Amino acid sequence: MEIVDDATPSQLGGRGRVTWLRILNQCHRRSNADYLYYGGRGVVVCERWRTLSVFLGDIGDAPSDDHIFALLGDHYGPGQCQWMTRSERARLRPTTRWIDVGDGSQQPLVALAEGNTVAYETLRSRLGRGQDLQGALSDPPRHHHSQETDYGGVTYPSQAALARAYGLTPKLLQDRLWAGWTVEKAVETPVRRSAPRM
């Protein structure tokens, strides 16, 4: 297989060339960590795109840092892939979680998070706990474990330190606070231990 890397000096560190090298390695170099998912499944780079200048002429450089190079078909070649944002790419995945936005339409969870400046994991967690969409999008972020926490006249360096001081796991304290418990109730309520199974 002949590869022609005819990059100009200005293209050497560009995303277009880096992407070109990545897809060639994924598809044609067995030692590549991703070969199993590409070349190992029969995905190849077409003959035309084995020359960098042709590849860049067809596909161009990434429109922005937010764009990724997405494979849409069964091989890398014209009409089979394009630059997309992560949310555009997410719409095409079969595992994408679609959310009813209330007006009869649906949006991918990742697009809702990006459009509302809520972290994807935060939104996913809130909806998974049964919170309604409006609340999940509008609630301010919770305190992080690393923030100082005052309780009982003592300042703890973090929620995790407070939890450990009262014999709780940080996760249990966090879950109790997220469930709406007061700090006092979350800290003072003993942990229920289940009886050992015989």
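Computed from the coordinates by the stated procedures, all read-outs in this text should not be read as laboratory data. No experiment lies behind these values; they were computed from the predicted model shown. Cβ atoms come from the backbone with ideal geometry, glycine included; neighbour counts cover every protein chain shown.
Summary table below
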quantity	calculated
At 1.306 mPa s and 10 °C, Stokes diffusion of the range 9-90 via Kirkwood alpha-carbon radius, µm² per second	122
Mean Kyte hydropathy of -1.0 or more with a Cα span along the axis of at least 18 Å, helices from DSSP in the chain	15-28
Protection-proxy order for peptides 6-15, 117-126, each taking the mean of Cβ atoms within 10 Å per residue, highest first	117-126, 6-15
Cα-based Kirkwood hydrodynamic radius, the range 98-138, one decimal, Å	10.0
Inter-probe distance in nm under a simple model that places probes 7 Å from Cα toward Cβ, at residue 74 and residue 182	6.5
Distance (nanometres) between label positions extended 7 Å along Cα→Cβ at residue 36 and residue 171	2.6
Mean residue ellipticity (222 nm) of the chain, computed from DSSP H runs ≥ 4 via -39,500 (n - 2.57), nearest 500	-9500 deg cm²/dmol
Charge sum, other residues only, whose C-beta stays under 13 Å from residue 17's C-beta, Lys/Arg counted +1 and Asp/Glu -1	-1
For the chain: Kirkwood Rh in Å [reciprocal of mean 1/r, alpha carbons]	21.4
Dimensions (Å) - the range 149-188, Cα atoms, principal axes, largest first	23, 16, 14
